[in-house]
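A short write-up of the structure that comes next.
The values are calculated or read from the model by the stated rules, or taken from the named source; none is laboratory data. Bear in mind that the values here come from a model prediction, so they are computed numbers and not experimental data. Heads up, the Cβs are rebuilt from the backbone with ideal geometry, glycines too, and the neighbour counts pull from every protein chain shown. Please note that ligands, DNA and RNA were not included when accessible areas were found on the heavy atoms of the full protein model with its side chains. Shrake-Rupley method; radii C 1.70, N 1.55, O 1.52, S 1.80 Å.
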Amino acid sequence: MSARAVGLAYCDARGRIFFDGTRMPLADGGVVREPRAEELIPAPPGTVSTMLPGRSPRSTRGIEKRRTALAAILPAGYTRLTVPALETRAGAPALPLFGYTFACVVDDELHVAAMRTDESEDWTPRYFGDGELERILDARLAGDPENRVLRQVALCSRDYGCFTAQNVFLERGEAALPVSPKCNARCVGCISELGQDAGIPSPQTRIAYETTAGELARIAVHHLERVEDGIVSFGQGCEGEPLLRGITIARAIEKIRERSSNGTINLNTNGSMTNELKRCIDAGLQAVRISLNSFRHDVYAAYYRPMMYSLDNVLASIALAVRHGLRVSLNLLAHPGVTDDEDEIRAMQTFLHEVPVTMVQTRTLNIDPHVYFDLVGRPNNPLGMRAAIDAIRAHQVAVGNFTHTH
Ligand code: SF4
């Protein structure tokens, strides 16, 4: 890489950031290599730099033992292209669940290995004045004090900064409708519930009770009556698997459509229960976003650790929704070195050829890259994340990062 002056960005033990132009940093795309010029963009607004405690960065000169590795956390709307190449030192603490992205210095400016894949403005970082959010939450809660779901999304708005929860109160865009306290998978990087073996707490606390169709419908109708082109979505970060409560979702959809024909009713799910999805579709579900980390059985099972279902059920649910004319998005939990492995891209293309979904959302998988590679293995032949995205687009399938109504 000639033209631009690329150098190592790293931290000291106190987390202060430094640049060293004499070192060519190494990136990890499943195979450790130099970053490619076309992968690097100036760090976009909203990027957060973070030190990786107990980890040393790697450069073409070797392991930078006296330095601490640095990574970037991207804002919404970007797809990560590589992760940092690093050496984990003995006794290093477990890393929390974030989307660690390769970062370096180029011409004295922090750059990241990423590409913009969604232009939706509704997901740009939000800033509230003192007490402003609290006032908005309290005013709405006073209007429906018995609604436990409203209290839950108020907590998620305040404590987790969840956009779809805040949208319930801001009366805009996509609004959250959490419904299920249980799940039939045990994802290694679950954001609402992690096992003791994870060594880190889950970023959010899963709801503890079964919400009712009435509570859900009241929130949805309020939103759809006020938000043109509004979306209400069952299946949120603070819950388990919504299809375990397919009957309640179907009842809620019927109650919503008795009172409002506006907007879109969407479901975010792991797609495990095809019959329950059919029940929701028969009730009037219009859009679905189904999550998966891979189109390969072994890679899927290693991460999702499914109970009483397999990737076959997930793929059957996607096909069912496409056959019934729903707006179908895949929430592809993307990770460089896995999503762009030649075998993965081939499996994905075979599926998309048979089942043309509307959109693939390339969602950054939040996990320690070394934990993930140990779990699913390193690639045989990584072709680069840009190649994976091109492969999706080659099937006339849109690539994005958020649920759109059209
Ligand atoms: S499917 Fe969702 S709720 Fe269930 S374990 Fe995975 S991330 Fe968690």
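Things worth noting here:
- Selection status of V232, touching a Gly at 6+ places or on another chain (Cβ under 9 Å) and hydrophobic (A, V, I, L, M, F, W, C): yes
- Filter result for L150 (touching a helix residue (DSSP H, G or I) at 6+ places or on another chain (Cβ under 8 Å), free of Cβ contacts under 8 Å to residues at least 40 places away in the same chain and of a type in the set (A, V, I, L, M)): no
- Beta carbons closer than 8 Å, at least 6 apart along the sequence or on distinct chains, pair a first residue in the range 23-37 that is over 12 Å from G7 (Cα atoms) and in a loop (DSSP other than H, G, I, E, B) with a second that is modelled with pLDDT of 95 or more and among the polar types (S, T, N, Q) for G29/T82.
- Among (1) of a type outside the set (K, R); (2) part of a strand (DSSP E or B); (3) open to solvent by 10 Å² or more (accessible area, probe 1.4 Å) - the single one H353 does not satisfy: (2)
- Here is the figure for the range 4-61: residues that are farther than 26 Å from R116 by Cβ, touching a helix residue (DSSP H, G or I) at 6+ places or on another chain (Cβ under 9 Å) and open to solvent by 40 Å² or more (accessible area, probe 1.4 Å) total 0.
- Check on L375, open to solvent by less than 50 Å² (accessible area, probe 1.4 Å), among the aliphatic types (A, V, I, L, M) and at pLDDT 95 or above: no
- Cβ-Cβ distances below 8 Å connect the following pairs, each with a first residue in the range 181-206 that is touching a residue at least 40 places away in the same chain (Cβ under 8 Å) and within 24 Å of A154 (Cα to Cα), a second residue that is within 11 Å of the ligand (Cβ to nearest atom) and of a type in the set (K, R), and a separation of six or more residues or different chains: P181/R206; S192/R206; E193/R206.
- Condition check for V314: assigned by TED's automatic domain parsing to the domain that holds L243, among the β-branched types (V, I, T) and open to solvent by 10 Å² or more (accessible area, probe 1.4 Å): no
- Test: residue in the range 159-177 that is on the phi < 0 side of the Ramachandran plot and loosely packed, with under 15 Cβ neighbours inside 10 Å: yes
- Of all residues in the range 323-349 being part of a helix (DSSP H, G or I), open to solvent by 40 Å² or more (accessible area, probe 1.4 Å) and touching a residue at least 12 places away in the same chain (Cβ under 8 Å), the one that is farthest from P379 (Cα to Cα): Q349
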